[in-house]
1. Name the residues in the range A:94-114 that are part of a helix (DSSP H, G or I) and either more than 14 Å from chain B (Cβ to nearest Cβ) or touching a helix residue (DSSP H, G or I) at 6+ places or on another chain (Cβ under 7 Å) (or both), would you?
2. Filter the range A:38-69 down to residues that are outside any helix (DSSP H, G or I) and under 20 Å from residue B:117 (Cα atoms) and give me whichever is farthest from the other protein chains (Cβ to nearest Cβ).
3. Can you tell which of B:145, B:135, B:92 is without any contact (Cβ under 8 Å) to a residue 60 or more places away in the chain, in contact with a helix residue (DSSP H, G or I) (Cβ under 9 Å, 6 or more places away or on another chain), more than 14 Å from chain A (Cβ to nearest Cβ) and within 27 Å of residue B:75 (Cβ to Cβ)?
4. Applying the selection to the range A:37-49, what residues are surrounded by 21 or more Cβ atoms within 10 Å (Cβ to Cβ), free of Cβ contacts under 8 Å to residues at least 40 places away in the same chain and closer than 20 Å to residue A:18 by Cβ?
5. Out of everything in the range B:107-132 that is away from chain A (no Cβ under 11 Å) and part of a loop (DSSP other than H, G, I, E, B), what residue ends up being farthest from the chain's Cα centre (by Cα)?
6. Can you find, within the range B:45-89, the residue that is farthest from the other protein chains (Cβ to nearest Cβ) among those that are assigned to a helix (DSSP H, G or I) and in contact with a strand residue (DSSP E or B) (Cβ under 7 Å, 6 or more places away or on another chain)?
7. When only residues in the range A:1-35 that are closer than 16 Å to residue A:57 by Cβ and part of a loop (DSSP other than H, G, I, E, B) count, which is farthest from the other protein chains (Cβ to nearest Cβ)?
8. State whether one or more residues within the range A:70-83 are modelled with pLDDT of 95 or more, crowded, with 22+ Cβ neighbours inside 10 Å and in a loop (DSSP other than H, G, I, E, B).
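The values are calculated or read from the model by the stated rules, or taken from the named source; none is laboratory data. All values reported here derive from a predicted model rather than from experimental measurement. When we count neighbours, we look across all protein chains shown, and the Cβ atoms used for this are built from the backbone with ideal geometry, even at glycine.
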């Protein structure tokens with residue numbers, strides 16, 4: 001598992017690679033919570049290269065979403081693989097956390113929401 | 001491994017591991033080997049691994065109350081299903097899990113508590129048995145032919 005972040009104006013793009021499971025969910029949590037800090041008002045977590053996520057990893061996404069919200073930020077997801085999209089559907093989290101087809105779509109649509117970006 | 005099927009159920013493999021990271025790694029390796037033989041569909045294969053992962057983690061987190069103990073995993077094959085039994089000898093599981101279908105928490109943004117609900121939605125059949133003072137056995141069924 002690898003987490004990379006880059007800032008673009010008021011957006012932060014977090015790319016997650018590999019698998020998140022029992023063996024590395026603590027590391028994933030630490031990395032996500034560190035990366036949502038900062039001045040960016042929109043956080044896009046791109047999961048194009050995330051191939052496996054269990055309920056603990058899902059819990060980390062929920063925690064990062066809730067923490068972002070407390071800080072007045074919007075955290076969204078993009079490019080979910082089918083197995084991971086299914087997790088968000090059955091746990092109903094997809095009704096709460098916005099999911100975009102791709103990071104490009106997320107950037108385009110969210111940029112329109114905030115003219116200051 | 002001989003996968004020739006009889007009408008009877010056969011035990012493909014049994015592994016007994018400790019409820020820790022080494023045990024988890026060993027269990028996952030065996031699960032991958034068996035899943036590779038059974039599932040052609042990549043998504044179904046991932047769902048099978050996820051279900052076992054979730055149940056095994058429950059054993060680590062809850063069965064032995066912070067101590068280590070053994071977890072016995074058996075992989076069975078019959079005409080219809082690949083069946084995986086995951087059994088610990090810990091404290092047992094609350095009856096709400098053995099008497100009711102696992103449910104989502106009312107708080108959709110709870111950080112934890114989704115594991116068995118996910119398993120129940122991804123496998124074809126789930127049985128949870130709690131034996132007083134003799135731990136918990138979770139049996140997960142996956143239809144063959146995927």
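1. Of all residues in the range A:94-114, those part of a helix (DSSP H, G or I) come to A:94-95, A:103-113.
A:94, A:103, A:104, A:105, A:106, A:107, A:108, A:109, A:110, A:111, A:112, A:113 - these are the residues of the range A:94-114 that are part of a helix (DSSP H, G or I) and either more than 14 Å from chain B (Cβ to nearest Cβ) or touching a helix residue (DSSP H, G or I) at 6+ places or on another chain (Cβ under 7 Å) (or both).
2. To start, the set of residues in the range A:38-69 that are outside any helix (DSSP H, G or I) comprises A:38-54.
Cutting the leftovers down to under 20 Å from residue B:117 (Cα atoms) gives us A:52-54.
Working: A:52: 6, A:53: 8, A:54: 5 Å.
By that ranking, first place goes to A:53.
3. Numbers: B:145 fails: in contact with a helix residue (DSSP H, G or I) (Cβ under 9 Å, 6 or more places away or on another chain); B:135 fails: without any contact (Cβ under 8 Å) to a residue 60 or more places away in the chain.
Exactly one of B:145, B:135, B:92 is without any contact (Cβ under 8 Å) to a residue 60 or more places away in the chain, in contact with a helix residue (DSSP H, G or I) (Cβ under 9 Å, 6 or more places away or on another chain), more than 14 Å from chain A (Cβ to nearest Cβ) and within 27 Å of residue B:75 (Cβ to Cβ), namely B:92.
4. Going residue by residue through the range A:37-49, those that are surrounded by 21 or more Cβ atoms within 10 Å (Cβ to Cβ) are A:40, A:42-47.
Now narrow it down to the ones that are free of Cβ contacts under 8 Å to residues at least 40 places away in the same chain: A:40, A:43, A:45, A:47.
Once the filter is applied, which keeps residues that are surrounded by 21 or more Cβ atoms within 10 Å (Cβ to Cβ), free of Cβ contacts under 8 Å to residues at least 40 places away in the same chain and closer than 20 Å to residue A:18 by Cβ, the range A:37-49 yields A:43, A:45, A:47.
5. Restricting attention to the range B:107-132, the residues satisfying the condition of being away from chain A (no Cβ under 11 Å) are B:123-132.
Of the ones still in play, those that are also part of a loop (DSSP other than H, G, I, E, B) are B:123-124, B:131-132.
Details: B:123: 10, B:124: 12, B:131: 17, B:132: 20 Å.
Residue satisfying both the conditions and the ranking: B:132.
6. Within the range B:45-89, the first condition is being assigned to a helix (DSSP H, G or I), and the residues that meet it are B:45-63.
Adding the requirement that they be in contact with a strand residue (DSSP E or B) (Cβ under 7 Å, 6 or more places away or on another chain) leaves B:46, B:48, B:51-52, B:55-56, B:59, B:63.
Numbers: B:46: 5, B:48: 11, B:51: 10, B:52: 10, B:55: 11, B:56: 8, B:59: 11, B:63: 14 Å.
Result: B:63.
7. Here the residue is A:1.
8. Yes: one or more hits.
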